[in-house]
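Scroll down for the structure; my scribbles are underneath it.
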Amino acid sequence: MEPVVSIIDWGVFLTFFIIFVFLGFYGARWRRGDLSQLHEWALAGRRLGTFLAWFLVGADLYTAYTFIAVPSGVFATGALYFFAVPYVSATFAVAAVTMPVLWRWSRQRGYVTAADFVQDRFNSKLLAAFVAITGIIAEFPYIALQIIGLQAVLTIMLLGIVKSIKLVSDLALTIAFIVLAAFTYTSGLRGATLTAVLKDAIIFFSIIAILIAAPMVIPGAFAAAFKEASLVASGGGDPPPLVSGVYFLKTPFIAAYTTLWVGSALALYLYPHAVNGALSAESDKKLAISTALLPIYGIGLALLAMYGILVYGDAAAMKILSLFPVSARGSLAIPTLAVTVLPPGLAGLALLGIFIGGLVPAAIMAMSQANLLVRNIIKPLYPRITPQGETRAAKWASVIFKFLALGFVFIVPATYAIWLQLLGGIIITQTLPSVFLGLLTNKLDKYSLMVGWATGLSLGIYLFIAAHESPPLYPLLGHPVYIAL
């Protein structure tokens, strides 16, 4: 078949990717600081103003989950996955209450991670280590999800150009991760911040461009898309019927919808990468303002979720998607829509936005894992480690974590990687009592917190396995509910 991505798109993609790489390495020279100190390398010296913190946290939280997983879920499942819209609205209320308080503690005491706070608050290195290990494990499938988003972009770009798409895609991913690891090692969070600005600008531009272009290219646009999707939901189309309906949630899924957005809202700012972004702000007031501005990203998320339905109205996109197995079509929906709706050049820019929309968060996630490993596991075991030794260990750990996640995706099918990302939400929520409740009171008993953590973690994993075909939901009184909640 003919390539679906033009030479112009390739040229735009590669040109802006070079700019992305330049910004990543230039970060080491931007707002110079002593990068041998962990807070300078991992938190950009805690000097990010309102808008830089907004861009960074936005890039940190609006990941391949936003560009790939949510539209994929809406495309394949229907209304249930629209839970992401109220979820992002609620999670910033959680952040507004918790993150400025954690920031003040961190600035006063020199904390780099949430586990640092837990260790000091409850005078327990063991509890802090449990929180750290939980965070490290929960991040792996989240990084894996970013890589699945990168694979989706490369699959569409290579379609009709090479026969062995997977081989070439894996090679391109490996090269991209080598570059990512190199500039993260060199520039730390400064490089991630500069690339986040580029990534967010491209993503917002692409979302608006698709919104403008879709009615010009797709007859009937959203009206036609919903009509076609309703045929699929009733069993009159391909892929198989949508399990929760297109227009309205079926009654059994109302509990699932509600618990998914509530549980996800509680979980997001427990993830180490979210904490890492928040602690990089210059002041608690600037952090509060940047957090108050983050719902702007929620508008983009709502549109992207709707684009998961819009694909049904795009005959050209559906023709391309029909070349792939049903299970793979959802993750390819947004890259395919970008190619079929946008003119040459703009399509390449949109594909790059999705691509670096996975790379930037992957960098920050690996850095946050490294911080936890060094500060809350290695340092208690080797208390004589120097500040410079901490930073060197964190730099190399971030490189290792990136490639462990990359190897995980090469080995594990994409479906299971997404399931494990949902398991990550269940896992990280078990740190809520130690972190969020710890911000409110120091009256909690550290041993009770450890028992609660172990019980919640064990039960959560057991229910996830027991759910079989519908993780992360488990039936409770006849209604599926989100296990994390």
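The values are calculated or read from the model by the stated rules, or taken from the named source; none is laboratory data. Owing to the predicted nature of the structure, the values given are computational and were not obtained by experimental measurement. Cβ coordinates were reconstructed from backbone atoms using ideal geometry, including for glycine residues, and neighbour counts include every protein chain displayed.
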Among (1) farther than 26 Å from Val112 by Cα; (2) in contact (Cβ under 8 Å) with a residue 40 or more places away in the chain; (3) not charged (D, E, K, R), which single condition is Gly407 missing?
(2)
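Go through the stretch 277-309 and report how many residues are outside any helix (DSSP H, G or I) and surrounded by fewer than 24 Cβ atoms within 10 Å (Cβ to Cβ).
3
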List every residue pair whose Cβ atoms sit under 6 Å apart, with the two residues 6 or more apart in sequence or on different chains, where the first one lies in the stretch 434-452 and is touching a residue at least 40 places away in the same chain (Cβ under 8 Å) and basic (Lys, Arg) and the second, anywhere, is crowded, with 18+ Cβ neighbours inside 10 Å and not in a helix (DSSP H, G or I).
Lys446/Ser124
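Which of the residues belonging to the stretch 1-41 are outside any helix (DSSP H, G or I), in contact with a helix residue (DSSP H, G or I) (Cβ under 7 Å, 6 or more places away or on another chain), of a type outside the set (Val, Ile, Thr) and closer than 20 Å to Thr336 by Cβ?
At the first step, the residues of the stretch 1-41 found to be outside any helix (DSSP H, G or I) are 1-6, 27-37.
Still in the running and in contact with a helix residue (DSSP H, G or I) (Cβ under 7 Å, 6 or more places away or on another chain): 4-5, 27-28, 30-31, 33-37.
Remaining after also requiring of a type outside the set (Val, Ile, Thr): 27-28, 30-31, 33-37.
The answer is none; no residue qualifies.
Would you confirm whether or not the stretch 192-212 contains a residue that is at pLDDT 85 or above and outside any helix (DSSP H, G or I)? Before the answer, list the steps.
First, pick out the residues of the stretch 192-212 that are at pLDDT 85 or above: 192-212.
From the residues that got through so far, the ones that are outside any helix (DSSP H, G or I) too are none.
The answer is no, given that none of the residues of the stretch 192-212 is at pLDDT 85 or above and outside any helix (DSSP H, G or I).
Can you tell me which of Trp453, Trp419 is among the aromatic types (Phe, Trp, Tyr), over 18 Å from the mean Cα position of the chain (by Cα) and assigned to a helix (DSSP H, G or I)? Full working, then the answer.
On the way: Trp419 fails: over 18 Å from the mean Cα position of the chain (by Cα).
On inspection, the qualifying residue turns out to be Trp453.
For residues that are on the phi < 0 side of the Ramachandran plot and surrounded by fewer than 24 Cβ atoms within 10 Å (Cβ to Cβ), tally how many sit in the stretch 45-54.
Start the filter on the stretch 45-54 by keeping residues that are on the phi < 0 side of the Ramachandran plot, which leaves 47-54.
In the following step, the residues that additionally are surrounded by fewer than 24 Cβ atoms within 10 Å (Cβ to Cβ) were identified as 47, 49-52.
Matching residues across the stretch 45-54 total 5.
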Restricted to the stretch 218-273, and to residues that are closer than 21 Å to Tyr307 by Cα and in contact with an Asp or Glu (Cβ under 8 Å, 6 or more places away or on another chain), which residue is modelled with the lowest pLDDT?
Gly237
How many residues are closer than 25 Å to Gly438 by Cβ and aromatic (Phe, Trp, Tyr) when one looks only at the stretch 45-99?
2
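Does Leu349 fit the bill of being in contact (Cβ under 8 Å) with a residue 24 or more places away in the chain and either touching a Phe, Trp or Tyr at 6+ places or on another chain (Cβ under 7 Å) or not in a helix (DSSP H, G or I) (or both)?
Numbers: in contact (Cβ under 8 Å) with a residue 24 or more places away in the chain: yes; either touching a Phe, Trp or Tyr at 6+ places or on another chain (Cβ under 7 Å) or not in a helix (DSSP H, G or I) (or both): yes.
Answer is yes for this residue.
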Is the stretch 313-331 home to any residue that is at pLDDT 95 or above and of a type in the set (Ser, Thr, Tyr)?
no
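For the stretch 134-143, state whether one or more residues are in contact with a helix residue (DSSP H, G or I) (Cβ under 8 Å, 6 or more places away or on another chain), surrounded by fewer than 19 Cβ atoms within 10 Å (Cβ to Cβ) and not in a helix (DSSP H, G or I). Write out each step before concluding.
Applying the first criterion (in contact with a helix residue (DSSP H, G or I) (Cβ under 8 Å, 6 or more places away or on another chain)) to the stretch 134-143 yields 134-143.
Now drop any that are not surrounded by fewer than 19 Cβ atoms within 10 Å (Cβ to Cβ), which leaves 137.
Next, from what is left, pick out any that are not in a helix (DSSP H, G or I): none.
So far as the stretch 134-143 goes, no, none of its residues is in contact with a helix residue (DSSP H, G or I) (Cβ under 8 Å, 6 or more places away or on another chain), surrounded by fewer than 19 Cβ atoms within 10 Å (Cβ to Cβ) and not in a helix (DSSP H, G or I).
In the stretch 330-346, is there at least one residue being more than 15 Å from Val4 (Cα to Cα) and either surrounded by fewer than 24 Cβ atoms within 10 Å (Cβ to Cβ) or not basic (Lys, Arg) (or both)? Walk me through it before giving the result.
Looking only at the stretch 330-346, we keep the residues that are more than 15 Å from Val4 (Cα to Cα), and these are 330-331.
Then drop every residue that is not either surrounded by fewer than 24 Cβ atoms within 10 Å (Cβ to Cβ) or not basic (Lys, Arg) (or both), which leaves 330-331.
The answer is yes; a qualifying residue exists.
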Only listed residue being over 17 Å from Val360 (Cβ atoms), of a type in the set (A, V, I, L, M) and surrounded by fewer than 16 Cβ atoms within 10 Å (Cβ to Cβ), chosen from Leu158, Leu127, Leu171:
Leu171
Hey, any hits in the stretch 354-375 for a residue that's in contact with a Phe, Trp or Tyr (Cβ under 7 Å, 6 or more places away or on another chain), buried (at least 19 other Cβ atoms within 10 Å of the Cβ), hydrophobic (A, V, I, L, M, F, W, C) and more than 17 Å from Thr113 (Cα to Cα)?
yes
As an exercise: evaluate Leu35 against (1) more than 20 Å from Arg190 (Cα to Cα); (2) buried (at least 16 other Cβ atoms within 10 Å of the Cβ) and give the number of the one condition it does not meet.
(1)
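Is there a residue being farther than 30 Å from Pro387 by Cα and either in contact (Cβ under 8 Å) with a residue 40 or more places away in the chain or touching a Gly at 6+ places or on another chain (Cβ under 8 Å) (or both) anywhere in the stretch 46-62?
yes
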Members of the stretch 186-236 that are without any contact (Cβ under 8 Å) to a residue 12 or more places away in the chain, small (Gly, Ala, Ser) and within 20 Å of Phe13 (Cα to Cα)
Ala201
